[in-house]
Amino acid sequence: MASNLFTKIPSLSAIFSVYTSLSAFTILFKTILHEFIPVNIRDFIISKFTDYFSFYLNSNFTFIIEEQSDYVMNQTFRAAQVYLPTLLSRITTRSLLVSSSDLKNPMAKPKFGIPVKAKIIDEFEGIRLEWTLLSAKDNDNPYQSKQKRYFHLTCKKEFRDKIMSDYFTYIAKSSVKILTHKENLNIYNYNPDCLRWESAIFQHHTTFETLAMEPELKNTLIRDLDAFSNGKDFFKTVGRAWKRGYLLYGPPGTGKSSLVAAIANFMNYSIYDLQIQSVKDDAMLRQILTSTENRSILLIEDLDCSGADTTCRKENKDETEYGENQNKKKKKDPKVTLSGLLNFVDGLWSSCVEERIIIFTTNHKEKLDPALLRPGRMDVHILMDYCTPIVFKKLAALYLEIEEHELFDPIEKMFLR
């Protein structure tokens, strides 16, 4: 029995003969491949063989989620960036500690961040998912100094459709809940060199309780903000984008910036502070618009001094001549135009982000084009005027802790002069 078994084993010479034949065939095949088949066709054949074997031999499927696509923020990346840190503390062996404040508050509790190349495991309806954050130099944009970041999400191939239809929706909803109850607000400034928003912790402590403002106007504004916050169904019913525009106007130093801070703290919204002078044209303005997040404030301060074409249009009997002059001016000095800004505020592009508040501030309302100020664009106009007797008493109580004083009556008479 044993002898029969050994007789079935091929001899060493037979094995060597087969190996020699295979080697000769391989050399002949490579020679034919290189000598008679063009390079393009050869690369195509090799790529098809590679794709075929990698598809059938690999049981995993990987989603690649880039941070930006055509300079527009990828909302799925943003949702994952918010959601994944909630998993870090309990399932990973290493994580990145991110300060929740700046150097002025060194005792602040740090938070978990996502380290590059660290694997984060999640489970969704019994499906094991593996996240990895990666970064690489963006060769398509040599002017961008920062690394291009992207997530790899790996799952079993048979669950690909399930992840597409259900899991990404799940993390989007989870990120909204997390942002709704976030502890810290951010203030963002757009960096035109890197083509992205850069953030810092927003630590302005002004609230409506500490804001020196006419009580009736303050209460009206609070009611309006509450109605906007709870108005999702209303905006959907009437077919409008879920946004609200506020114009703060008045002399310099009357508290317009403080009111913006009070609104941000009241609504728990982060602020996107756009220096419109840094925006070179309308196309760039659209890219900036689509890279902001939901539940946020878009702030453009001193609009009358921004350099954008927002001033009142002069009447011109020859409209053709006026249009030609405007086109020549635009070609000569490209910048944000009034039509671009209007589309940004109230056009189709304004619907790219939900639950957004747009705030313009200006010292000279009369210099702005009326088309920019109409309801639907700037829904509420708030005059931030000089101090009144009621506001003065509020300031005295806030800063000096004085509720009543004998000088209040003479001071009030001075206000009324």
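Brief remarks follow.
- When residues of segment 173-188 are limited to those that are surrounded by fewer than 18 Cβ atoms within 10 Å (Cβ to Cβ) and under 17 Å from I120 (Cβ atoms), the one modelled with the highest pLDDT: S174
So that you can scan it fast, the table gives a plain yes or no per residue for (1) touching a helix residue (DSSP H, G or I) at 6+ places or on another chain (Cβ under 7 Å); (2) in the same structural domain as L372 (by TED's automatic domain parsing); (3) farther than 24 Å from L398 by Cβ:
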{"site": "E216", "(1), (2), (3)": "no, yes, no"}
{"site": "K236", "(1), (2), (3)": "no, yes, yes"}
{"site": "N268", "(1), (2), (3)": "no, yes, no"}
{"site": "A283", "(1), (2), (3)": "no, yes, yes"}
{"site": "T290", "(1), (2), (3)": "yes, yes, yes"}
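- Any chance Y399 is hydroxyl-bearing (S, T, Y) and in a helix (DSSP H, G or I): yes
- Strands (runs of 3 or more DSSP E) fully within segment 142-242 counting 3 or more residues that are among the charged types (D, E, K, R): 148-156
The values are calculated or read from the model by the stated rules, or taken from the named source; none is laboratory data. Note that this is a predicted model, so its numbers are computed, not measured. Positions of Cβ are generated from backbone atoms using ideal geometry, with glycine treated the same way; all protein chains shown enter the neighbour counts.
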